[in-house]
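The values are calculated or read from the model by the stated rules, or taken from the named source; none is laboratory data. Just so we're clear, the structure is a prediction, and the values are computed from it rather than from any experiment. Cβ sites come from the backbone with ideal geometry, for glycine too, and all protein chains shown count toward neighbours.
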Amino acid sequence: MTATLARGGTASAVSTTAAEAGQALPTIEFRTPMPGFPEHREFVLVAVDPDGPLFTLRSVDDPALRFLVVPPAPFYPDYAPQVSAQVLEQLGTTDPEDLLVLLVVTAAGSVAEATANLLAPVIVDQSTRRAVQVILEEDLPIRARLLPA
């Protein structure tokens, strides 16, 4: 069984101000660590700009470790990844409607050069705040430009 994830979805994040103020923030727990970061499982989703689509996933244990992420809809409206039953099981859900898709962004010298990894999205169960970064079995780029050239 696989689930096709909805193209929309909204991220529930805290503001940068709340994050900087040291408030207790809701955490996202990665069921398996992101590749290359085995010691980091708990992150906070922080809005970079309350009116924009850019967020950071900030490590709870090492606040200097941050990943830029975006929801796919504003940039790739047709992006609808297939998520396996194994991923749904890892997250402890059977309802794909509860899932939020985030794309990891690589910021280059300018915004025009920024890219998103479409092959390995972060999938978050919004009700349990469990997450996993998956490598899809689809033929998708790992460096897709965020903005048209």
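Please work out which residue is farthest from the chain's Cα centre (by Cα), limiting yourself to segment 139-149 and to residues that are modelled with pLDDT of 90 or more and assigned to a loop (DSSP other than H, G, I, E, B).
Once the filter is applied, the top-ranked residue is ASP139.
What number goes with the only condition from (1) closer than 17 Å to LEU136 by Cα; (2) touching a strand residue (DSSP E or B) at 6+ places or on another chain (Cβ under 8 Å) that LEU119 does not pass?
All conditions are met except number (2).
Take the conditions within 25 Å of ARG145 (Cβ to Cβ), touching a Phe, Trp or Tyr at 6+ places or on another chain (Cβ under 7 Å), of a type in the set (Ser, Thr, Tyr) and surrounded by 13 or more Cβ atoms within 10 Å (Cβ to Cβ) and apply them to THR115. Does it pass?
On the way: within 25 Å of ARG145 (Cβ to Cβ): yes; touching a Phe, Trp or Tyr at 6+ places or on another chain (Cβ under 7 Å): no; of a type in the set (Ser, Thr, Tyr): yes; surrounded by 13 or more Cβ atoms within 10 Å (Cβ to Cβ): yes.
Criteria not met by THR115.
If the Cβ limit is 8 Å and pairs must be 6+ apart or interchain, which residue in segment 113-138 that is under 24 Å from THR27 (Cβ atoms) pairs with which residue that is among the charged types (D, E, K, R) and buried (at least 20 other Cβ atoms within 10 Å of the Cβ)?
Pairs found: ALA131/ASP125.
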